[in-house]
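Have a look at the structure below before the remarks.
The values are calculated or read from the model by the stated rules, or taken from the named source; none is laboratory data. Just so it is clear, the structure is predicted and the values come from calculations on it, not from any experiment. Because the Cβ atoms are built from the backbone with ideal geometry, glycine has one as well, and the counts that use them run over all protein chains shown. These accessible areas exclude ligands, DNA and RNA; they are computed on the full protein's heavy atoms, side chains included. Shrake-Rupley method; radii C 1.70, N 1.55, O 1.52, S 1.80 Å.
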Amino acid sequence: MIKQQLYNLFLMIAAMLISASLTGQVRKPWVDATVPIALGKAKVLPIEGLSLREKPSLKANRLALIPYDTQIKVIDNASGKLDSLPIKIAPTEGLGEAGPTFFRGWWVKVRYLNQVGYVFDPFLIREMQFFLSSRDDEVLFPETNREFRLMQPGSTCVYNLADLRKYQWWGLYRMGDECLVKPVRLQQHMSRTQATEDVVYQFLYSNASEPEGLMSVIGVAGAWGGTRSSELKYRSDWMRGYHDDSIRIKKVGIQQVPDHVNSNPTTHLYWWQYQVGLTAQRLRKESYGAIALDLAADLDGDGKQDLIVTYGEESTSTVLYLSTHARAGELLRPVAVFYSGYCC
């Protein structure tokens, strides 16, 4: 299904480009494909609030400042206009330095209390999306995303929506061979793209202040008792296993089970096992072989390694493991999960 939708999106963009070449007009399909938020209830995403304006323009008179997380009603998404605002977005590692990026969206008419005006819709999210859908990770990691949250910069899944007021946000920065931890300001907003006639892709963007060198952002509901700097062991490429002098993650307990979904008669289930010296702990049971060790460093200041591990390739789950929360017989415990890929 996902592959077919992406193929349809490719055909749509190709058709736009061919049409432009025939008419002599230069069209931008990534602009044309941006769609406004649907009518109905929505909530405000910026922690500092959202301006309600008299007209669909950043230069129009401001009627009110709508507080964060306030519910409003979108009453007209057709009379506004497509616009762009400069937003500083933390880039994916290896794609260049951070800089102003013009993020596109629509001015839509909303009702807030007894006032009617326009807001910029990337800073709204449909109220129906304020939930965490039932996922396999809720069974695998049932006590995550409570005291801690994990974020990655850039385009992400709507399941990563967070209560920005509940957490204090800390950026993990790669500075040479060290992992530097310092406070940051986190902002989230939406992107909506018409993929096919019936399908709209919706992505949540998480942006942090001081984006240069940023690897991840950790939200802590309370005081951060961890270290500010520690030795960093880092690897970002996909792998079937990982080990060095102090870290070892490998597959164990491989078993064959019937595969009723795919064409293969059987599939393989196994555990990813983390080992330090002679002590081992099973991290996750699954049926797919891709794993990446995103970060290994002492984040919580107890002298032991903590991990950020990504499972999967397209639809991935990135898990934060902390040693301070380990229970009897454990080296680490998962405390937060970040979702990426085709989950929106």
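Computed values, structure above
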{"read-out": "Sites GLN115 and ASP198, calculated FRET efficiency, Cβ-Cβ separation with R0 41 Å, nearest 0.05", "value": "0.75"}
{"read-out": "Ranked packing of 164-175, 143-154, 190-201, most packed first, by mean Cβ within 10 Å", "value": "143-154, 164-175, 190-201"}
{"read-out": "With DNA, RNA and ligands ignored, accessible area of VAL181 (1.4 Å probe; Å², nearest 10)", "value": "10"}
{"read-out": "In Hz, Karplus ³J(HN,Hα) per residue of segment 173-188 (6.51, -1.76, 1.60; θ = phi - 60°; x = Gly, Pro)", "value": "10, 8, 10, x, 9, 10, 9, 9, 10, 8, x, 9, 9, 9, 10, 10"}
{"read-out": "Cut-off under 5 Å, modelled amide H: who pairs with VAL184 long-range", "value": "TRP169, TRP170, GLY171"}
{"read-out": "Simple label model, 7 Å out from Cα along Cβ direction - ARG146 to LEU39, nm", "value": "4.2"}
{"read-out": "Phi-based couplings in Hz for segment 216-224 (Karplus 6.51, -1.76, 1.60; Gly and Pro marked x)", "value": "8, 10, 10, x, 10, 7, x, 6, 8"}
{"read-out": "Gained length - ARG282 relative to ASP76, 0.36 nm times residue gap less alpha-carbon distance", "value": "69.0 nm"}
{"read-out": "Most to least packed among 301-311, 47-57 [average Cβ atoms within 10 Å]", "value": "301-311, 47-57"}
{"read-out": "Above-threshold pairs, the threshold being 18 Å between Cα atoms, out of LYS59/LYS81; LYS41/LYS81; LYS41/LYS109; LYS166/LYS304", "value": "LYS41/LYS81; LYS166/LYS304"}
{"read-out": "Gain in span if fully extended, ARG228 to LYS304, counting 0.36 nm per residue against the direct Cα distance", "value": "25.9 nm"}
{"read-out": "ILE47 long-range amide H proximity, modeled H, under 5 Å", "value": "GLN188"}
{"read-out": "Virtual spin-label span in nm between ASP69 and SER84, 7 Å along Cα→Cβ", "value": "3.4"}
